[in-house]
Amino acid sequence: MYGNFATHIGTLSGYTVSSDGVSMTCVTCSDNGRIFMAGRDGHIYELKYTKWQRRCWKVCVSNAVLQDFFNHYGAGEAAAMCLMPAAGIVHPEVHISKVVAQNAAEAFEDQRLVQKAEIVEEAEPDFSAAHEGLCLCSARLLLPLWELPFVVEEGGSVMCILSLEAMQVLQKKISSLENFLWLRRKQRRGLYGRVSGLGYLTGYRDESKYDGSWSNNRKRLFSDAELTAMEVRAMECMRQLLIRLSEAQVLLQLLSQQGLITCLAKDLDANLQQVLVQLTFHQLVCSKEGNHLATRLISGLTKYYTDQGKGTVHKISAVLQEGCPSYYKESGGKYYLAMDCLQRAVLNKDAEEMEKLARETYSCKVPKSANLQVVCKWFEGLRFYEAVVHLPLQKAQALDPKGDAFNNQIDAAVREDTVAKRVQCHDIIISALRSLKGVHIGSSSRNRHVCQIVQLGIRFPDRLFHEYLCRAMIDFGLENELFEFGGPNLVPLLQSVAGEPIQEVQAISPIGHSGTLFPTKKAKYCDVLASYYALKDRLAAHALQRLA
């Protein structure tokens, strides 16, 4: 203040802007006077001033660029391009800094850019561009092999359609994409953060309120939380698929080493060999046939490593458990470990240890992929007939859980096919019985083993096998053993084999009531039945004589 002259200086409120909680790290200006600021959030801001309003405001320039980018390429396509640097699935020679990856991840999850899920016609959810981008990115990774056979056959050799190096690159990219989604879930970022604490991570609706039918709920409007949860669940399904894809690549890499898949293919039966060369990568990952084939290949892989002395079951099991756990079942691992111990015990000729390990191996669940004939041959060599009898009979029962083999009301072709599958299992036991008949061991030992097989088989509730066993023993000349160990139901069993009604009790002549001769085998079965009746009569007469 100078004399009567005074100047009032007020606050320059028009020249200030809010930082919105973002710290500015540096300020610079262009040649034409524009002012730019860099924020700690990774965005670039411009300080603008309008003369006629006499005020400043802050504009996020990087967001405007991103908005133009999303508008130009389309939200789904742009989200896919953001996901690639965010997840690190770019060319190995391209260096992506952490700041760029972080900004790309934020753009991928920015609802202003990718938009929220919404309901379209007929109450069907239309997910955001983030979900579309994830699907696009995954599809492009798998495009070269998804619908193609994963192996090719050339000149008697079987090899994977991709080289080992190409599979390693692909597996690394798939794992990086899955790891990105897993980290977002773990850190509760993006969509995962919006549903955290709401109980939507494992399911998106109360099942008690719905009957599971879309048609009855078409008119229902979903809340934002439910739509977000539905999208998170869809992305989780994609993440689980990526895990499975990565595991399939690990398995194929193991099979591709040193042309191993060619050796394993030779040990498969003709049907599985055909499946191997026709199955697509999609089916290997998503179908029951692919899962069954993979477990058979793992079984052969484990056997190869142990037989060739390239490692123990523990080592290969650890590799498979870590790299492809969904294909390598824990129960199968225990079985392979038990078989490995059993093989070593056989080499050591330790009878007590062999019996102990044989029982431990039998107590393990034999995988469906295991070759039952080979397994039973091992047990047969150890004279452990409990496994030789029970394993095939249990598999026969598993192949025909509804008992179609005994159902005369179903289609004849279906019934015959079911009977053939069961008989294939029964043949394993009959083969062991045939081997016993020809083996040079003591008479008492052989009778003991035959008795064990017959008694174990008769106790098992499989009428088809009882008849099959009865015919086989007669064909092998083991009638006396059949009479001795056949059990209390031997008469109806012999009558069924001979083709006579169960209530018939007289001795049967080879000549029928019409005077015609029975076929040779049927006549033989009738003779055996007659011999059994005669034996019973002699025993009864002898008993009466002793009583008198």
Note down the nm distance, to one decimal, between modelled labels 7 Å out along Cα→Cβ at GLN257 and at ASP475. 4.5 nm
Show me, for segment 61-73, the HN-Hα J-couplings you get by feeding each phi into the Karplus relation (A = 6.51, B = -1.76, C = 1.60, θ = phi - 60°), rounded to Hz, glycine and proline as x. 6, 5, 5, 5, 5, 5, 4, 5, 4, 5, 5, 6, 8
Long-range amide H partners of ARG55, meaning residues 5 or more apart or on another chain whose placed amide H is closer than 5 Å, are THR50
Using label points projected 7 Å from each Cα along Cα→Cβ, tell me how many nm separate ALA166 and LYS288, to one decimal. 3.2 nm
Between GLN409 and ALA225, what length in nm is gained on full extension when 0.36 nm per residue of separation is reduced by their alpha carbon distance? 60.9 nm
Over 25 Å between alpha carbons, listed pairs LYS315/LYS395; LYS266/LYS303; LYS172/LYS303; LYS186/LYS315; LYS266/LYS437; LYS356/LYS377: LYS315/LYS395; LYS172/LYS303; LYS186/LYS315; LYS266/LYS437
Percent carbon-and-sulfur accessible area, segment 371-488, ignoring ligands, DNA and RNA, probe 1.4 Å: 48 percent
Could the peptides 376-384, 465-473 be put in order, highest first, of the mean number of other beta-carbon atoms found within 10 Å of their residues? 465-473, 376-384
Per residue of segment 159-176, in order, report the coupling 6.51 cos²θ - 1.76 cosθ + 1.60 (Karplus, θ = phi - 60°) as ³J(HN,Hα) in whole Hz, putting x for Gly and Pro. 9, 6, 5, 9, 6, 4, 5, 5, 5, 5, 5, 5, 5, 5, 5, 5, 5, 5
Potential extension, ARG34-LYS266 segment - 0.36 nm per residue separation minus Cα distance: 76.1 nm
Once phi for every residue in segment 130-145 is put through the Karplus expression 6.51 cos²θ - 1.76 cosθ + 1.60 (θ = phi - 60°), the whole-Hz ³J(HN,Hα) values, with Gly and Pro written as x, are 4, 5, 4, x, 4, 5, 4, 5, 5, 5, 6, 5, 9, 3, x, 9
What residues have an amide H closer than 5 Å to that of ILE161, excluding those fewer than 5 places away on the same chain, when H is modeled at 1.01 Å from N in the peptide plane? VAL151, VAL152
Would you mind getting me the FRET efficiency between ARG359 and SER23? Use the beta-carbon distance for r and R0 = 51 Å, nearest 0.05. 0.10
FRET E, pair GLN455, HIS91, Förster distance 60 Å, beta-carbon r, rounded to 0.05: 0.30
With a 1.4 Å probe and all protein chains kept in place, how do PHE36, PHE70 rank by accessible area, largest first? PHE36, PHE70
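The values are calculated or read from the model by the stated rules, or taken from the named source; none is laboratory data. Since this is a predicted model, take the numbers as computed values, not measurements. With ideal geometry, Cβ positions are generated from the backbone for all residues, glycine too; neighbour counts draw on all protein chains shown. Surface areas here come from the heavy atoms of the whole protein model, side chains and all, with no ligands, DNA or RNA. Shrake-Rupley method; radii C 1.70, N 1.55, O 1.52, S 1.80 Å.
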